[in-house]
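Visitor: My structure is below; once you've seen it, I'll send some questions.
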Amino acid sequence: MSEKDRQKKGGFLNALKGVLYGMASHGNVTAALRTRMHMEHLFMFITLGDMLGIPVLPPYYSLRILPYAVPNIESWKQRVFRERDFTDAIY
């Protein structure tokens, strides 16, 4: 067997490994990303609930956490206040 044939065979096996790995782990990755999204929403809600009129944390603790939350405020407000329909629950 020549070197070129070995590379073709190795390339095919690597591609097959990648496809099988993707098929096996895609559900886990999407579940982890969805969980992360929900945790970030909860963090922002707890920290900045005063913006929505729902004081969850005392202002002292909110002010202590504020420097970490400021970069995400605008995108969080867009995600929370966007219009949704029933097809959003499918994905």
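The values are calculated or read from the model by the stated rules, or taken from the named source; none is laboratory data. Owing to the predicted nature of the structure, the values given are computational and were not obtained by experimental measurement. Calculation scope for accessible area: heavy atoms of the full protein, side chains included, ligands and nucleic acids excluded. Shrake-Rupley method; radii C 1.70, N 1.55, O 1.52, S 1.80 Å.
Visitor: Do you know which of the residues in segment 67-82 that are at pLDDT 80 or above and of a type in the set (A, V, I, L, M) is farthest from MET37 (Cα to Cα)?
Guide: VAL70
Visitor: Just name the residue that is farthest from the chain's Cα centre (by Cα) out of those in segment 45-91 that are acidic (Asp, Glu) and open to solvent by 100 Å² or more (accessible area, probe 1.4 Å). Spell out the reasoning first.
Guide: As a first pass, look at segment 45-91 and keep what is acidic (Asp, Glu): 50, 74, 83, 85, 88.
Remaining after also requiring open to solvent by 100 Å² or more (accessible area, probe 1.4 Å): 74, 83.
Details: GLU74: 17, GLU83: 19 Å.
Across segment 45-91, the extreme among qualifying residues is GLU83.
Visitor: Another question, if that's okay. Consider segment 46-91. How many of its residues are among the basic types (Lys, Arg) and assigned to a loop (DSSP other than H, G, I, E, B)? Steps first, please.
Guide: Residues of segment 46-91 that are among the basic types (Lys, Arg), as a first pass: 64, 77, 79, 82, 84.
Now restrict to residues that are assigned to a loop (DSSP other than H, G, I, E, B): 82, 84.
Residues flagged as among the basic types (Lys, Arg) and assigned to a loop (DSSP other than H, G, I, E, B) within segment 46-91 amount to 2.
Visitor: To continue, here is another question. Can you tell me which residue within segment 13-64, out of those that are closer than 22 Å to GLN78 by Cα and among the charged types (D, E, K, R), is modelled with the lowest pLDDT?
Guide: In this case the residue turns out to be ASP50.
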